[in-house]
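The values are calculated or read from the model by the stated rules, or taken from the named source; none is laboratory data. Computed from a predicted model, the values in this text were never measured in an experiment. Neighbour counts are summed over all protein chains in view; Cβ atoms, including those assigned to glycine, are modelled from backbone coordinates with ideal geometry.
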Amino acid sequence: MALKPTKAFRSAFRASKHLIRKTGAPPGTLVFTGERKLEKTRITVTEYDEATYSERDEENIDDCFPLKEKPTITWLNITGLHDVPTLEKIGMAFGIHPLVLEDILNIDQRPKMEDFGGYIFVVMKMGHYEAATNSFKLEQVSLIVTPGCLITFQESEGDAFNGIRKRIRDYKGKMRRMGVDYLAYAIMDAMVDGYFVVLDGLGERTEALEELLVIDPTPDTLHHIYQLKRDMILLRRSVWPLREVLSALDRGGSELIMEGTQIYLKDVYDHTIQVIDTVESLRDMVTGMLDIYLSSVSNKMNEVMKVLTMIATIFIPLSFLAGVYGMNFERMPELGWELGYPALLLGMAAVGVTMVLYFRAKKWL
């Protein structure tokens, strides 16, 4: 049976195919390595301070650039990375290095953090779990933290940031009183917390497979185990590097990260460690399930072979008796005996019953 790739695996494979087409291009060449998921790039601008709040969609990226001079906190969210000219304009307006823009367009980028002095560049993976299909997908989210503006880039609509928008809109918590670094922390924290939802779904799949292994493992069970193992590998690749990202942000050294925000970054770091521990535990369970499946199949085969061996062993002496008295010699004494035939059948039955009782006494049956 052919294994059907999961959505996360297919997405990673398609990204690698786009990278092949980019091979040989000069550094800084802007090529989107994903698939176009929106008709048009959506530009959302959120401005706020302690007294004011506004949120709107902009049609033209050029209308957003005066926001750099405003005293309010600005969150510029770009949804849809296929519009390369828009990203080029953002890069020119905010002084973003072409290699950074290249990394934003490369959706198979490893999570990382780079401090360029005037801005901080962060790449993370955001997980979405689909309960209807028992699968998850990963989306790359890039953040650029500047002194007065946070720019986020994502592939498609639908994210984990609605709670952050609501907190800003409703003036809940510290969002309206803190700076851009706190907004960046809140977004990273939301993405890390999203992994717990993914892990809950994967944990339920793991428990269901464990029950199936105990009751009646089938070739389809092996198919699901391999799918789950592949999902764990992809999830681990997305989560494991986050330790380095958050550790680098927590160590400080950048004027863009205030001292009051570092304690919150420590909390996100702790959540990341919890996610990593859970991923490793689930990976160990899936590996153990594969061993259990192979052992179960082997035990089933051994049971079948044992039954066949018992049957063959019982019929060996019966075949011997039938062969002896099936010979056509003239001077066989039993040939003229009237009770020879029933006596032979009773003798064969007695041999068979004796062997079965012996096997039971030895606990082979």
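Please find, within the stretch 172-198, the residue that is farthest from Leu246 (Cα to Cα) out of those that are out of contact with any strand residue (DSSP E or B) (no Cβ under 9 Å at 6 or more places or on another chain) and at pLDDT below 90. Applying the filter and picking the extreme gives Lys172.
Screening Gly173 against (1) surrounded by fewer than 22 Cβ atoms within 10 Å (Cβ to Cβ); (2) under 16 Å from the mean Cα position of the chain (by Cα); (3) under 24 Å from Glu255 (Cα atoms) leaves a single unmet condition, (2). Every residue in the stretch 32-52 that is touching a residue at least 24 places away in the same chain (Cβ under 8 Å), out of contact with any Lys or Arg (no Cβ under 9 Å at 6 or more places or on another chain) and not in a strand (DSSP E or B), please. Listed by number, the residues that qualify are Phe32, Arg36, Lys37, Leu38, Lys40, Thr41. For the stretch 69-116, the set of residues classified as touching a Leu at 6+ places or on another chain (Cβ under 9 Å), among the β-branched types (Val, Ile, Thr) and under 18 Å from Glu157 (Cβ atoms) consists of Ile78, Thr79, Ile104, Ile107, listed by residue number.
On the basis of being assigned to a helix (DSSP H, G or I), in the same structural domain as Leu202 (by TED's automatic domain parsing) and closer than 30 Å to Gly179 by Cα, does Val275 make the cut? Let's see the steps before the verdict.
Numbers: assigned to a helix (DSSP H, G or I): yes; in the same structural domain as Leu202 (by TED's automatic domain parsing): yes; closer than 30 Å to Gly179 by Cα: yes.
Judged against the criteria, Val275 is a match.
Take the conditions assigned to a helix (DSSP H, G or I) and modelled with pLDDT of 90 or more and apply them to Asp231. Does it pass?
Values: assigned to a helix (DSSP H, G or I): yes; modelled with pLDDT of 90 or more: no.
So Asp231 fails the test.
Among the residues of the stretch 174-198, write down those that are without any contact (Cβ under 8 Å) to a residue 24 or more places away in the chain and not in a helix (DSSP H, G or I). Show your work before the answer.
Of all residues in the stretch 174-198, those without any contact (Cβ under 8 Å) to a residue 24 or more places away in the chain come to 174, 186.
Residue satisfying the conditions is Lys174 alone.
Consider the stretch 140-170 and keep the residues that are surrounded by 20 or more Cβ atoms within 10 Å (Cβ to Cβ) and charged (D, E, K, R). The one that is modelled with the lowest pLDDT is Asp159. Being touching a helix residue (DSSP H, G or I) at 6+ places or on another chain (Cβ under 8 Å), surrounded by fewer than 14 Cβ atoms within 10 Å (Cβ to Cβ), of a type in the set (A, V, I, L, M) and under 30 Å from Asp216 (Cα atoms) is a property that Leu290 lacks.
For Phe329, indicate whether it is assigned to a helix (DSSP H, G or I) and not polar (S, T, N, Q). Show your work before the answer.
Working: assigned to a helix (DSSP H, G or I): no; not polar (S, T, N, Q): yes.
Here the answer is no, as Phe329 does not meet what is asked.
In this structure, is Tyr325 touching an Asp or Glu at 6+ places or on another chain (Cβ under 8 Å) and over 30 Å from Val192 (Cβ atoms)? Criteria met by Tyr325.
The set of residues in the stretch 71-86 that are hydroxyl-bearing (Ser, Thr, Tyr) and either under 20 Å from Lys40 (Cα atoms) or in contact with a helix residue (DSSP H, G or I) (Cβ under 6 Å, 6 or more places away or on another chain) (or both) comprises Thr74, Thr79, Thr86. Per the conditions (1) under 30 Å from Val214 (Cα atoms); (2) of a type in the set (Asp, Glu); (3) in contact (Cβ under 8 Å) with a residue 60 or more places away in the chain, the sole criterion not satisfied by Asp291 is (3). Over 22 Å from His271 (Cα atoms), among the small types (Gly, Ala, Ser) and in a helix (DSSP H, G or I): is that true of Ala208 in this structure? Spelling it out, Ala208 is indeed over 22 Å from His271 (Cα atoms), among the small types (Gly, Ala, Ser) and in a helix (DSSP H, G or I). Residues that are over 16 Å from Arg283 (Cβ atoms) and either buried (at least 18 other Cβ atoms within 10 Å of the Cβ) or hydrophobic (A, V, I, L, M, F, W, C) (or both) within the stretch 196-216 comprise Phe196, Val197, Ala208, Leu212, Leu213, Val214, Ile215, listed in sequence order. Within the stretch 224-234, one or more residues are buried (at least 22 other Cβ atoms within 10 Å of the Cβ), in contact (Cβ under 8 Å) with a residue 24 or more places away in the chain, of a type outside the set (A, V, I, L, M, F, W, C) and in the same structural domain as Phe32 (by TED's automatic domain parsing). Considering only residues in the stretch 81-90 that are modelled with pLDDT of 85 or more and either within 26 Å of Met175 (Cα to Cα) or not hydrophobic (A, V, I, L, M, F, W, C) (or both), the one that is surrounded by the fewest Cβ atoms within 10 Å (Cβ to Cβ) turns out to be Pro85.
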